[in-house]
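Right, one structure below, let's go through it.
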Amino acid sequence: MPDLPLQAYRRRRKRWPRSQAAGASIRRSAWNANRTAWQARPVCRLRSAPQGPRWATNSAECVRRVRRAEFFATRTASCLAFLDPASGTESYTVIHMNIRHNNSMKAKEEKTRSSIDRIYVKLKQEPLNQEWHEVAFRLLWDINQYFSLEIQEYCQSLAGVLSILFDHDFVRHQEIARLAVAQLKLCHGIDTDTEPAREDPLLLSLSYDKLFLAMLKRTINTDIGFERFLGKLRRTLLLKYHSKNLMSCGELSLVVGLAEQCFNNEYIFNDEEDERQAVREIEARLPRSFHANLANKYEVDFLFLGMYQPLISIPLVRLAAKNSLEVFSSELRPTFKRIIYEPLEEERLALEIDSFGEMTCSASNAVRAQYEENPFPRWFNLGRQRALEEILSTIDPGLSRAGLFHSADFKVLVPGCGTGQHPLSLGAGNPNAHIVAVDISKISLAYAKRMAAKLNIKNVSLLHGNLLDLPSLGQHFHHVDCFGVLHHLKDPMSGWHALNKVLLPGGTFRVGVYSKVARLHIQFMRDEISKLRITPTTEAMKNFRRRLLTHERYQPLLKSFAANDMFYLSGFRDYLFHASEYHYTLAEIQSIIEHFNYKFLGFDLQELRRQYHELFPDDPGMNSFANWRKFELHYAGSATQFSFLLQKKTA
């Protein structure tokens, strides 16, 4: 009997014959576990997050959710053990065993809430303690990653923890942004239909909410309903200012936050005709020349224009930026520094970056043009970083290169580094290593160079050039970290050959490439874009995105899309409109490894380790490609790309 969706099981479970009792038992256990998750109603109700397309929601999917819940329980227990080492074992036992019983969700939620309360107390006592920031981040990240958090009531401790985390740069704020939005929506009674009126008390309460303003400035919103509310709020503030030319201090703080949020997401919000008309009229009244005395007169106009377009595209703003930042009001200087002065600094830095090789390939030039127009990815802080030795040991615990990792001669190559988040993370976590980062886009590298100076990371060299020309540099590396690059080459094998030439014998090679099976839904959308003949212009992409989010035809696919990349323009373009893209099968990867005679050290898919071991207990090293092919089909959509570690054999 084929797998049935949950709804079908509920209708037909009494009619199953005895001969299928074993299958019915598995389905019944999975259904009971999920029913418990939905019926529990404490302050924070956690439920398993559906993964993959809707058609995957069958009994196997339900069993997978239970396994993910067990994985989450072990991670939560580690946080509890940190809080109270004496109760670590007991906490793990209680949470892990109760997951199989009717009170599992309630017990786990109580433990989670208790952990949040205790962490909040500790953070208030020691707000600069990085260790406590890391503990809080791990717990909130696990909730966000492995469960969908449905909060029935506003949780003051959770909001307090989030506020403290957003006040400092010890963690990556983007990875806990959805939890912050969930709290804000409950605190202020915001939903999809909320209409902020011009004199609404909601505007006043939002203007004094530190978490709301910090979320706008430090992250990219990834909640569709909240995006609609922010769009309405932006429109309300613009039309009020345009009609009255007056703005209270509280409303101005909201405009500042929205200007930075729109700068973060590259102005991906949709707008209406009355907004476009108001923006045109505000821009038309700007003078054609600028002197320092005009800064205070027009700075509010700049802010409103900054909610709708890059300010450096306005001639008067460029003239204003020739003056020092002090010509603007002190309250607005941090915002203008971010959205005016830093982009202009990146234009200058792009001219200073060294290049190698020649850009002769038309496909490479198309990719370069894409990333020059839309540098990718968008990121704003690094958080705490791990050493490369620690990262690689999670893939292959037996990897013994400890002496080399800590050597001053240790060289790492990061091809296709984009805006530099990955190489700068490696540089921060491995201060003794020398990191060479290469990318095809100078604008992307300029962002990386500015952030390296800001974060005081001095062991990363940034070079502009084509990955295929790397052998011409005459340098060789002990480790290559290559993510999201090889699948964007017109001839991917030429990229493998180039990287193999610069990798030293015995060196390690960590690779990340797209999975053909996991990205079937992406390929469907790319085919749809091709049929509709949509070009990757800003307006065309925004219009298609609006259709994607609202058209009934695409709704079943939305949950399987990467959350973050859908909410900023360069991510959306990279996700669905990339100029060149290739998808790998496991058979192809195995063939490439055999071609270069690499030693396969393992897949870097730690979040799937438990599920793999349950299916294949006889493969503790998780190195069987035959098993992974079966696993990929069983858990279709679990990982959008393959990430694995190789080692070049010595002669």
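The values are calculated or read from the model by the stated rules, or taken from the named source; none is laboratory data. Everything quoted here is computed from the prediction, not taken from an experiment. Every residue, glycine among them, receives a Cβ derived from its backbone with ideal geometry; neighbour counts consider all protein chains shown. Just so you know, the surface numbers come from the protein's heavy atoms only, side chains and all, with ligands and any DNA or RNA stripped out. Shrake-Rupley method; radii C 1.70, N 1.55, O 1.52, S 1.80 Å.
General remarks:
- With all protein chains kept in place, the per residue accessible area of the stretch 422-480 amounts to 34 square angstrom at a probe of 1.4 angstrom.
- Basic side chains Lys and Arg get +1 at the Cβ, acidic Asp and Glu get -1 at the Cβ, and with that the dipole of the stretch 206-295 about its Cα centre reaches some 280 debye.
- The label-point distance for Asn296 and Arg280, in a model that sets each label 7 Å from Cα toward Cβ, rounds to 3.4 nm.
- Charge tally in the Cβ shell below 13 Å around Asp191, where Lys, Arg are +1 and Asp, Glu are -1, Asp191 excluded: -1
- Summed side-chain charge close to Thr537 - residues other than Thr537 whose Cβ falls under 11 Å, Lys, Arg +1, Asp, Glu -1: 0
- Unit charges on C-beta of K, R, D, E only; dipole of the stretch 460-558, Debye: 420
- Prolate/oblate/rounded label for the stretch 507-651 (Cα gyration tensor, a/c 1.5): prolate
- Accessible carbon and sulfur surface of the stretch 498-651 relative to its total accessible area, %, 1.4 Å: 51
- Cβ-based charge dipole, the stretch 467-626, positive-most Cα from Ser515, Leu499, His595: Ser515
- Taking a ≥ b ≥ c as the square roots of the eigenvalues of the Cα gyration tensor, the stretch 106-258 is prolate, since a/c reaches 1.5 or more and a/b is larger than b/c.
- Stretching Arg547 away from Glu175 to a fully extended chain increases their span by 131.3 nm, per 0.36 nm per residue minus the current alpha-carbon distance.
- Calculated FRET efficiency for the pair Asn597/Thr360, C-beta based, R₀ 30 Å, to 0.05: 0.45
- For the stretch 460-574: rounded, prolate or oblate by the Cα gyration tensor [a/c cutoff 1.5]: prolate
- Note on the stretch 459-593: lysine pairs with Cα distance below 23 Å, sequence gap of 8 or more or different chains, count 8.
- With all protein chains in place and a 1.4 Å probe, the accessible surface of the stretch 237-290 carries 52 percent carbon and sulfur.
- Cut-off 11 Å between beta-carbons: net charge of the residues surrounding His583, Lys and Arg +1, Asp and Glu -1: +1
- Computed FRET value (nearest 0.05) for Ala587 with Gln156, which takes r as the C-beta separation and R₀ as 45 Å: 0.30
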